[in-house]
Amino acid sequence: MLIVYNPPVEAMASQLLESVLTEDGFAKVQSVFETGFNLHFKDQLIYVSGHQPGYLSAIGLQLKDADLMGKLTESVVVDTLIRKRGNTWTVYTREGGLIFELADINYECFRLEKRTVSQRSLAKLSASIQSSFDITQSGFGQLQSLKDIWQAWQQVDSEADFQGLVYRLVGHGPGLTPSGDDFLQGVLLMEASFGLKTSFRQRILAAVTERETSHVSQAYYSALLEGYVNEPWYRLLQSFDKVSSTELRNIIQSLLRYGHTSGSDMVLGSLAYLEYLSFFGGNE
C-alpha cells in the first residue's frame, strides 16, 4: 500500500544538483547509512539526509522534516527504487511505498574560488592543522601500505615523482570513500583555492581515468573538479585568515570528526598540499 506523506517538505541542496533535480525519472538507492542514503539518479550520486545546518554535502539534498527522514531511512535498502515526477517522489518498498512532495528546494552554492592570501596566513593554517591532527585517526596511520605511501610522499624532491604516488592512492583503502581518495581530494581543494598551477588536478585526472575506485569517491571527485566542496570545507577556506587561532582549530576539529577516517584523511591531504607549496612554490 502506498502511503501519502503530508504536508509537502522543504529541502536544501547543493547547487551542483540544480540541473539534475529538475528532471524526472527513476532513481536507485546505492548505499544506506544511519542518517541518510546515497541515491543514483541520472548518472549523478545524491546524498539524501536530514537537515543538518552547516553540513551540506557537495552532492547533498537535505530534507527539512525529521519525521519523513526517519521513515525513509527505516524503509529504504540498497536497490530500492524511487520515482521522481515533478515535485513528487514515490519510494517503492516491500510494504508498498511512500509518496512525498518537495514544496521547495533552496540551492546553496559552495563552489571554490581562487583566493590570494599571504604566506603568513597559509603558514597559520598549516600550523593549526598540524597542532590538531593525529595521524593514528587516519587511514594513513592504520594501514601499512598507506603509511608507506605517506612516507614516500614526504621524501619527494622532484615534482615528477608525485605522479606514481597519486596513481597508487586512487581507490586505495577500505570503505565507500577509500583513504587514498579522501587524501587526494584534500590536495585538490587546496590547489583549487591557492595554487597558481593545476599540476595535481592534471595528475589526479589522469590517474582516475585509469584506476578504479568507489562510486561515492567518483562522485566527490567529479564535484571537486567542478569546484564544489562540502559546506564545512567551504567555510574553512573562506574564513581561516579572518578568525582567531582558537576558532580555526575548532573548525579543523569538526572536519576531523567527519566519517570514520574520511575527515582525517582529507585534512592530511590538505596539509600535504600546503607543505608542497612551501617546498615547491606554485602560489603568490
So which residue, out of 185, 137, 52, gets the largest mean-square fluctuation from a GNM of the chain using Cα contacts under 10 Å as springs?
52
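Can you pull a Stokes-Einstein diffusion coefficient for the chain at 25 °C (0.890 mPa s), Rh from Kirkwood over Cα pairs, as a whole number of µm²/s?
Values: Rh = 19.9 Å.
It comes out at roughly 124 µm²/s.
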Which of 42/71; 197/242; 42/64; 28/64; 28/114; 124/147 exceed 30 Å between C-alpha atoms? The answer is 28/114
Quick one: among 90, 177, 246, which has the greatest mean-square fluctuation in a GNM of the chain with alpha-carbon springs under 10 angstrom?
246
Which residue fluctuates the most in the chain, going by a Gaussian network model with Cα springs under 10 Å, if the choices are 224, 98, 184?
98
At most 15 other Cβ within 10 Å, DSSP loop - GluC sites (Glu not before Pro), the range 1-96:
18, 23, 34, 95
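Classify the range 119-280: rounded, prolate or oblate, from the alpha-carbon gyration tensor (a ≥ b ≥ c, eigenvalue square roots; a/c under 1.5 rounded; otherwise prolate if a/b is larger than b/c)?
Values: a/c = 1.38, a/b = 1.29, b/c = 1.07.
Since a/c stays below 1.5, the shape of the range 119-280 is classed as rounded.
Give me the Kirkwood hydrodynamic radius of the range 138-207, using the inverse of the mean 1/r over all pairs of distinct Cα atoms, in Å to one decimal.
On the way: mean 1/r = 0.0806 Å⁻¹.
Every distinct Cα pair counted, the radius reaches 12.4 Å.
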Mean projected area (nm²) of the alpha-carbon convex hull when the range 57-182 is viewed from all directions
12.7
With 18 Å as the cut-off, how large is the P(r) tail for the range 2-108, expressed as percent of Cα-Cα pairs?
41
For the Cα atoms of the chain, what angle does the longest principal axis make with the long axis of helix 199-210, in degrees from 0 to 90, nearest 10?
50
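Rule-based calculations on the coordinates, nothing more; no lab input. Please read these numbers as outputs of a predicted model, since none were measured by experiment. All Cβ positions, even for glycine, are placed from backbone atoms using ideal geometry, and neighbour counts span all protein chains on display.
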